[in-house]
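A.B. asks: Here it is, the structure in full.
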Amino acid sequence: MLNENIKSLRKSKGLSQEELAIKLNVVRQTISKWEKGLSVPDSDMLISLSEVLETPVSTLLGETFDEPKPDDLKVISEKLEVINLQFAKRKEARRKIFHWGFISLCTLTVIAFAVLFVLNSPYLDWDYSKPETEVMGVGFHALEWLFVRLAPIFLIGSVIGAVLTREKK
């Protein structure tokens, strides 16, 4: 609702996203995010937006009032609080997904390292008299070589990622 109103009012005033962004002292991407519904302006920016678009804040929020009410700011702040809570929930869900993804990557790296350690490069004992066996042996060796060199980077990166995305109390 808010995103559609911002877009239609901007277009009715003949402003591009860039022009509106300049008037509000924000980047064009901010206007784009508002119009796509990916974010919402805070209360101060909502007031500035209503001034630039020469329309009441209530119209931006989708309500039509014939007469202004004294507690408009309270209503607006309550609506923005609900919107901010929704964004906070989405952000928390994304944080949890990343956190558990990093933990899973860390676990998989350790398990793969343990499996390679236990197997102890069995391809080294193969009979390499056939070209197919040679190619497979070289392939396994290359994969193992690459994994052993990249695994510490993945492990350190996933541990750092898990620590940075942990829940802060």
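A.B. asks: How far, in nm, would the chain grow between LEU119 and ARG95 when pulled straight, counting 0.36 nm per residue and subtracting the alpha carbon separation?
C.D. replies: 5.0 nm
A.B. asks: Follow-up. Out of LEU119, LEU46, LEU20, any idea which swings most in a Gaussian network model of the chain, alpha carbons joined below 10 Å?
C.D. replies: LEU119
A.B. asks: Sticking with this one: Magnitude of the Cβ-charge dipole of the chain, K/R +1 and D/E -1, about the Cα centre, nearest 20 debye?
C.D. replies: Dipole magnitude for the chain comes out near 220 debye.
A.B. asks: Can you work out the base-10 log of I(q)/I(0) for the range 90-164 at q = 0.11, 0.22, 0.24, 0.26 1/Å, using the Debye formula on its C-alpha atoms alone?
C.D. replies: -0.42, -0.93, -1.02, -1.10
A.B. asks: Can you give the helix-only mean residue ellipticity at 222 nm for the chain, where every DSSP H stretch with n ≥ 4 adds -39500 (n - 2.57) and the sum goes over all residues, rounded to the nearest 500 deg cm²/dmol? If you can, show how the numbers build up before the last one.
C.D. replies: Working: 7 runs with 124 residues, N = 169.
Result for the chain: -25000 deg cm²/dmol, rounded to the nearest 500.
A.B. asks: To continue, here is another question. Just going by the charge dipole of the range 90-164, with Lys and Arg at +1 and Asp and Glu at -1 on Cβ, which of VAL163, ALA142, VAL115 is farthest out on the positive end?
C.D. replies: The residue sitting farthest along the positive end of the dipole is VAL163.
A.B. asks: Right, another one. Kindly point out which whole DSSP H helices in the chain project their C-alpha atoms 27 angstrom or further along the helix axis while averaging a Kyte-Doolittle hydropathy of -0.5 or above.
C.D. replies: Taking the DSSP H segments of the chain (at least 27 Å long, mean hydropathy at least -0.5), we get 72-119, 131-164.
A.B. asks: Skipping prolines and chain starts, which residues have an amide H placed within reach, meaning under 5 Å, of the one on SER39, given they are 5 or more residues away or on another chain?
C.D. replies: Amide H to amide H, under 5 Å and 5 or more residues apart or across chains, SER39 pairs with TRP34.
A.B. asks: Using amide H atoms built 1.01 Å from N in the peptide plane, name the residues 5+ places from THR165, or on other chains, whose amide H lies under 5 Å from its own.
C.D. replies: Sorted by chain and number, the residues that satisfy this come to none at all.
A.B. asks: Normalised by the number of residues in the chain, what is the relative contact order in percent for Cα pairs under 8 Å and 6+ residues apart?
C.D. replies: 20 percent.
A.B. asks: Please report, in cubic angstrom per residue, the volume enclosed by the convex hull of the alpha-carbon atoms of the range 71-124.
C.D. replies: 49 Å³
A.B. asks: Follow-up. Run the simple label-point estimate for ARG149 and VAL110 please: 7 Å along Cα→C-beta, distance reported in nm.
C.D. replies: Placing both labels 7 Å along Cα→Cβ, they lie 2.6 nm apart.
A.B. asks: Another question, then. Could the peptides 138-149, 156-167 be put in order, highest first, of the mean number of other beta-carbon atoms found within 10 Å of their residues?
C.D. replies: Result, highest mean first: 156-167, 138-149.
Each reported figure results from applying straightforward, stated rules to the coordinates on display, with no laboratory input. From a predicted model like this one, the values you see are computed outputs, not experimental measurements. Methodologically, a virtual Cβ is constructed for each residue, glycine included, from the backbone with ideal geometry; neighbour enumeration extends over all protein chains shown.
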